[in-house]
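*Asks:* Once you've had a glance at the structure underneath, I'll fire off some questions.
The values are calculated or read from the model by the stated rules, or taken from the named source; none is laboratory data. Remember, predicted model here, so these are calculated numbers, not experimental data. Note that we place each Cβ from the backbone using ideal geometry, even for glycine, and neighbour counts take in every protein chain shown. Please note that ligands, DNA and RNA were not included when accessible areas were found on the heavy atoms of the full protein model with its side chains. Shrake-Rupley method; radii C 1.70, N 1.55, O 1.52, S 1.80 Å.
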Amino acid sequence: MGGESSHRNMAAATDYYPKLAAGPVGKQIHSIYQSRLRQFVDGGQYREQSLIGKLNEAVASGTDWIKLAVYSPPDLSRPLFKDATSHAFHPTRVGESFGPSWSTHWFKVQLTVPKHMLDKEHLEFVWDADNEGLIWTEDGHTVHGLTGGGERTQWILPESFRDGKEHTFYIEMACNGMFGNAPGGDSIQPPKPDKYYRLHTAEIVAINLEARALYFDFWEISDAAREFPGDSTEAHDAQQVCNRIMDTFIAGNGSQESVKAARTIAAEYVGKDVDSHKVYESGKEAIVSGIGYCHIDTCWLWPFAETKRKVNRSWSSQCDLIDRYPELRFCCTQAQQYKWLEQDYPSTFDRVKKKVKEGSFQPIGGSWVEHDTNLPGGESLIRQFLYGQRYFESKFGQRCRTFWLPDTFGYSTQLPQICRISGMTRFLTQKLSWNNINNFPHTTFNWVALDNSQVICHMPPSETYTCEANFGDVKRSVTQHKSLDQDKTSLIVFGKGDGGGGPTWQHLEKLRRCRGISDKTGLLPRVKLGDSADDFFDRLEKKVEDGTELVTWYGELYFELHRGTYTTQANNKRNNRKSEIMLRDIEFLATLATIKNGFGRKSSYKYPKKDIDDMWENVLLCQFHDCLPGSSIEMCYDDSDRIYAEVFATGERLLADALSELGFDDESSWTEDTKLVALNTLPWKRTEIVRLPTIAGQTGYRSAQYGLVNRNGSTKGIGALDVFPLASPFLASTASIKEITANKFELRNTQFIAEVTNGAITSLYDISADREIIPKGAKAAQLVIYDDKPLYWQAWDVEVYHLQSRQELQPSKVSITESSPHRVSLEIETKISDKSWAKTTVSLAAAVGNEPTAIEIDAEIEWHETMRFLKVEFPVDITNTEASYETQFGIVRRPTHYNTTWDMAKFEVCCHKWADLSEATYGVSILNDSKYGFATQGNVMRLSLLRAPKAPDAHADMGFHRTRYAIFPHKGGLDERTVRKAFEFNNPLKIVGRSAFSSLTSGWLNSFHVHGAPNLVLDTVKRGEDDEDVSRGELPVKKGHSVILRVYDSLGGKSKGVLTWGELGVKKVVKVNALEDELEECEIEDVDIEGRGEGQKGVGIRIRAFEVASFKLVME
């Protein structure tokens, strides 16, 4: 029952297990044996006894082998090859210093390989001056870039150099490091203007390739020993392999034979195929896809001009690397950078085109630059893709399918929709991994826009776009993956970035060994190279098609850091807003002008496509994510000031040309017979009191300072509106101002009574609603100032603790500056400090009938502060847990409370032209003409005005500023009144003249309208990109003439409307996407607008909540 036992078959004692102990053997002290590993690859005191000392077989330097001569261009200029090499070169040598900061120096290098090195297996030329450079062939072709400081300093010498003869090439030295010219080790400090760089290395080196390969074997295996879990056999195996390698090397005295033997040991852990791309051909499933990427900030710690050279340096390096490592798939964004390369470095551009055709170099992203997405207007976001996609299609025959934007400071809620209408269904970013309050919960998910459009979003779990391709980066592709329940795959995006560079050969060697470890040993996620970023997203989309359900994230991807970028560099942001508005007007008026002249049949006027393109490309360039947000060095804003000045000069000329073609007179030709009209480019009726230009006194309007703008009997407002002089002080509706008591003033019209006490609005009473808007004891339009010292990123960040330092600024003088029946004004002077002051003018215009009015405030500020933040507050008697903010093509609602850390994180947010706090029965909107930072804390609405960071621009925002903002109270909740008032506040009516005897054909001036849905905004009127009279030939020309109309829902309600075009001849209407591809034809029918019996042609349109819809009208 207990089982049987037998002693008959006892095994004999083995002969190979020793009977007697040979001696004591101790347990390895794990930490000591692990720490020992660093000796083998360390450049310290054991350098010559370690593997490092065996990497080079021979070195040659000095004038016998390398002769140097230099040409130093004057005035910090950056000449191209042909110009630079036409000048005289003067002898120089290693040890000389070159500068100052931002200067360029061209070196002529005459190199002879020494006889004793001719038969060496692998020769490299090494150049290092701790700054950036570029190698050029003697005939003017780029080889690849040089980074300096020990990185990317080698050039593999061509076989043709092994003839013992002298060979010539050139090196272009840029006197800046990869991250500019910051002093010391803090790269964001303002650049040092007088930095010099010493050329310390110029030599020929023979490389021991076997020792170099062992170096990378050992690097990755020792990383496995350190980073695999301590209780895993794989970690212990790695440590044992490394120690055996070291023991073998020591036993062999570091001989070549010992190096080879050590590699044999290494192969036990990494496998035998790590010396070639064949390591990726094992056929085993890989869940991590490696993509090479080169993030080049179009400006940041260096100016735009230096970026052009960074592009050439970086991309020529990648073309060279692809030839050496066939598994590399490299992607790069920003059509602007491709265009710069095409213009300045055509031979490198040809190399890129060849690689694109072969599939190893992938244009990606679809946008003109890697732009900010918080601050640009909606149309700007569309144009980023329109110009980007058209460039990529015209140069490479393909559009981008993946939006790639890893380094922008938050992501607008409408981006998924704009991606979809621009031909892209997927999106990559990672910046939210920088959140400093909450941890974003997803890696791969569906990101959903306001209109319910979605894209697949992937955030690489290695949490960087400049991955060094280390063992830990591959490991974190699983350990930090937050969506493993849905999908376990991920991207690892590797390559030097921000300052450019891209992947290095070291990255590729490391990744080969990571793959070898996964196949041979296991535990490490298996990485694969050879596929493109699109291949990765294609597989994701196929999984979704087959039933994988990804989690969803609705609305904006708010970045919990860099909130100060909504405010920093205020003039730059003002220029952006003004240029966007100007471009909208130019396209609208130029479109009307071409319709009027029969598309060139009646006059020589042509749609100014080249000028418009140049303007747009410049504006889009300045929307780069370190330019528009305000986080670049001062040189960049000197550049952007010049760029915007050019934009505005061109724009004024185009406006004048279009107005002339439309029959309006230049101010210089106004006479007694000139009739004034107000040009309204907004798609609704406007009735306003406007200040007339001084020159109007030469016309029949004589002494009138103000005019009443109106179009009698029509709801159609777009086009030219009549201007009636307001010369009489006796109007039915007037404004008034008086001083009630000392330093207490009352401003009044038929809608509001405002009381200003000691420079702040202490009462704002809505007469018809019988409602006080300002809480008792509170002060609106109150300037407040804060201490502003973020944890590190000065220009970028404002931290929540700054709110505790609030100080009210007290006025020094308050006086009445205007007291006409048409408009009244009160000027408030405030001393901010001994160096800074503000002058704010509170104005109230007379109301015209029931047209809503606002309390307007013009601010002039002289600002010379250090690390302080100026804001203006508006406490209101409104209760709501959410405030509404205008964003591109829609509204974002954000908390007014701090219930959770997610709520509190939004203590400073981005808005566009307005922010609103409303109850069901009443609300208040704050309008602005150039600001983007805002906060609503409880019932206090706060507009951010100016910051004063000192890095990376030591003079950011210093000087004079002018801005406007307004209080717009309204009965009922938020509706189209706020949307329209904010548009009007940003688009003042333009007073123009025409001869009283000229005929103004309203059919084309007052043509395009959307009826039946006041929430729908006709935002853009432009010509078709490829019309036969417009096209510049970059893509196939389309016969005929068309007009593109862009309409969006501004309030969040599915709507039906009717699109009409008045008396214009339209033969077809087609719904198109943002790239103007035709989607579906709309049926043209006779429509009766609002029961007026006005028979005209139109099409019915249906718009989803917050949808952006574009329509192409094909003209007869």
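*Asks:* I need the Debye-formula profile for the stretch 202-328: one equal scatterer per C-alpha, no solvent, reported as log10 I(q)/I(0) at q = 0.10, 0.12, 0.14, 0.18 1/Å, two decimals.
*Replies:* Summing over Cα pairs of the stretch 202-328 leads to -0.51, -0.70, -0.87, -1.08.
*Asks:* While we're on this one: Could you go through the stretch 56-67 in sequence order and give the Karplus-derived ³J(HN,Hα) for each residue, using 6.51 cos²θ - 1.76 cosθ + 1.60 with θ = phi - 60°, rounded to whole Hz, and x for Gly and Pro?
*Replies:* Whole-Hz 3J(HN,Hα) from phi for the stretch 56-67: 9, 8, 7, 9, 10, 9, x, 6, 5, 10, 9, 9.
*Asks:* Could you please state how large a percent of the accessible area of the stretch 154-273 is carbon and sulfur, counting protein chains only and using a 1.4 Å probe?
*Replies:* Within the stretch 154-273, the accessible surface is 50 percent carbon and sulfur.
*Asks:* For the stretch 1004-1115, what is the convex hull volume of the alpha-carbon atoms per residue, in Å³?
*Replies:* 102
*Asks:* Given a 1.4 Å probe and the protein chains all in place, what does the accessible area of Thr233 round to, in Å² to the nearest 10?
*Replies:* Approximately 90 Å² of Thr233 is accessible to the 1.4 Å probe.
*Asks:* Just to be sure I understand: if I project the alpha-carbon convex hull of the stretch 570-663 onto a plane and average over all orientations, what area do I get in nm²?
*Replies:* If I average the Cα hull's projected area over directions, I get 5.8 nm².
*Asks:* Moving on. Each residue of the stretch 361-374 in turn: what ³J(HN,Hα) in whole Hz from Karplus with 6.51, -1.76, 1.60 and θ = phi - 60°, glycine and Pro shown as x?
*Replies:* 10, 10, x, 9, x, x, 10, 5, 9, 7, 8, 5, 10, 7
*Asks:* So for the stretch 535-694, what are the equivalent ellipsoid semi-axes in whole Å, largest first, each being the square root of 5 times an eigenvalue of the Cα gyration tensor?
*Replies:* Ellipsoid semi-axes (Å, largest first): 40, 24, 18.
*Asks:* At most 12 other Cβ atoms within 10 Å and a DSSP loop assignment: could you name the chymotrypsin sites (Phe, Trp or Tyr not before Pro) in the stretch 940-991 that fit?
*Replies:* none
*Asks:* Another question, if that's okay. Place the peptides 598-608, 938-948 in order of packing, highest mean first, counting for every residue the other Cβ atoms within 10 Å and averaging per peptide.
*Replies:* By packing density, highest mean first, the sequence is 938-948, 598-608.
*Asks:* Got a sec? What order do His625, His277 fall in by accessible area at 1.4 Å, biggest, i.e. largest, first?
*Replies:* Most to least solvent-accessible, the answer reads His277, His625.
*Asks:* Follow-up. Under a 1.4 Å probe, what is the accessible area of the stretch 211-276 per residue, stated in Å²?
*Replies:* Heavy-atom accessible area per residue stands at 41 Å².
*Asks:* Enter the accessible area per residue of the stretch 736-990 (Å², integer; probe 1.4 Å; all protein chains in place).
*Replies:* Accessible area per residue: 35 Å².
*Asks:* Can you give the translational diffusion coefficient of the chain in µm²/s, computed by Stokes-Einstein from the Kirkwood radius over Cα pairs at 25 °C and 0.890 mPa s?
*Replies:* Rounded, D is 74 µm²/s.
*Asks:* When every alpha-carbon pair in the stretch 211-276 is counted, what percent end up more than 18 Å apart?
*Replies:* Roughly 32 percent, rounded to a whole number.
*Asks:* What is the distance in Å between the Cα centroid of the stretch 81-110 and that of the stretch 830-895?
*Replies:* 54
*Asks:* Going by the alpha-carbon gyration tensor, a ≥ b ≥ c the square roots of its eigenvalues, is the stretch 664-717 rounded (a/c under 1.5) or, if a/c is not under 1.5, prolate (a/b greater than b/c) versus oblate?
*Replies:* Prolate, since a/c reaches 1.5 and a/b exceeds b/c.
*Asks:* For the stretch 616-646 and the stretch 742-771, compute the distance between their C-alpha centroids and round to whole Å.
*Replies:* With the stretch 616-646 and the stretch 742-771 each reduced to a Cα centre, they are spaced 41 Å.
*Asks:* To the nearest 10 square angstrom, how much accessible area does Ile1084 have with a 1.4 angstrom probe?
*Replies:* Rounded to the nearest 10, that gives 50 Å².
*Asks:* Could you work out the percent of alpha carbon pairs in the stretch 52-207 separated by over 21 Å, rounded to a whole number?
*Replies:* That fraction is 45 percent.
*Asks:* Continuing with the same structure: Heavy-atom accessible area of Thr741 with all protein chains present, probe 1.4 Å, nearest 10 Å²?
*Replies:* Answer for Thr741: close to 80 Å² accessible.
*Asks:* Could I ask something else about it? In deg cm²/dmol, rounded to 500, what helix-only [θ] at 222 nm does the chain give when every DSSP H run of at least 4 residues adds -39500 (n - 2.57) and the total is split over its residues?
*Replies:* -7500 deg cm²/dmol
*Asks:* Tell me, what does the Kirkwood hydrodynamic radius of the stretch 490-532 come to in angstroms if you use every pair of distinct C-alpha atoms?
*Replies:* One over the average 1/r among Cα pairs gives 11.5 Å for the stretch 490-532.
*Asks:* Calculate I(q)/I(0) for the stretch 245-397 by the Debye formula, one identical point scatterer on each C-alpha and no solvent, and give its log10 at q = 0.12 Å⁻¹ to two decimals.
*Replies:* With one equal scatterer per Cα and no solvent, log10 I(q)/I(0) is -0.68.
*Asks:* Choose one of Trp1004, Ala182, Trp302: the residue whose Cα lies farthest towards the positive end of the charge dipole of the chain (beta-carbon charges +1 Lys, Arg; -1 Asp, Glu; about the Cα centre).
*Replies:* Farthest towards the positive end: Trp1004.
*Asks:* Which trypsin sites (Lys or Arg not before Pro) does the stretch 752-831 hold that lie in a coil by DSSP with at most 16 other beta carbons within 10 Å?
*Replies:* Lys776, Arg806
*Asks:* If you project the alpha carbons of the stretch 479-597 onto the principal axes, what extent comes out on each, in Å, largest first?
*Replies:* Largest first, the stretch 479-597 extends 72, 39, 34 Å along its Cα principal axes.
*Asks:* Moving on to the next point. In whole Å, how far is the Cα centre of the stretch 923-957 from that of the stretch 333-360?
*Replies:* Taking the Cα centre of the stretch 333-360 as reference, the centre of the stretch 923-957 is 40 Å away.
*Asks:* Could you state the orientation-averaged shadow area of the convex hull built on the Cα atoms of the stretch 82-140, in nm² to one decimal?
*Replies:* For the stretch 82-140, averaging the hull's shadow over all directions gives 5.8 nm².
*Asks:* Roughly to the nearest percent, how much of the accessible area of the stretch 988-1067 is carbon and sulfur, given a 1.4 Å probe?
*Replies:* Carbon and sulfur together cover 50 percent of it.
*Asks:* Please arrange Asp130, Asp344, Asp297, Asp485 by accessible surface area, largest first, computed with a 1.4 Å probe and ligands excluded.
*Replies:* Asp485, Asp130, Asp344, Asp297
*Asks:* Give the Cα extents of the stretch 736-990 along the principal axes, in whole Å, largest first.
*Replies:* Cα extents, longest axis first: 52, 40, 40 Å.
*Asks:* Just how many % of Cα pairs in the stretch 384-507 lie over 17 Å apart, if you round to the nearest whole percent?
*Replies:* It works out to 62 percent of all Cα pairs.
*Asks:* Send over the semi-axes of the stretch 349-414's equivalent ellipsoid, whole angstrom and largest first, taken as the square roots of 5 times the C-alpha gyration tensor eigenvalues.
*Replies:* Rounded to whole Å, the semi-axes are 25, 12, 9.
*Asks:* Rank these by accessible area, largest first, 1.4 Å probe: Lys971, Lys354, Lys108.
*Replies:* So, going from the largest accessible area down, we get Lys354, Lys971, Lys108.
*Asks:* Could you point to the residue in Gly252, Cys242, Tyr269 farthest towards the positive end of the stretch 211-276's charge dipole, with +1 and -1 charges on the Cβ of Lys/Arg and Asp/Glu respectively?
*Replies:* The listed residue farthest towards the positive side: Gly252.
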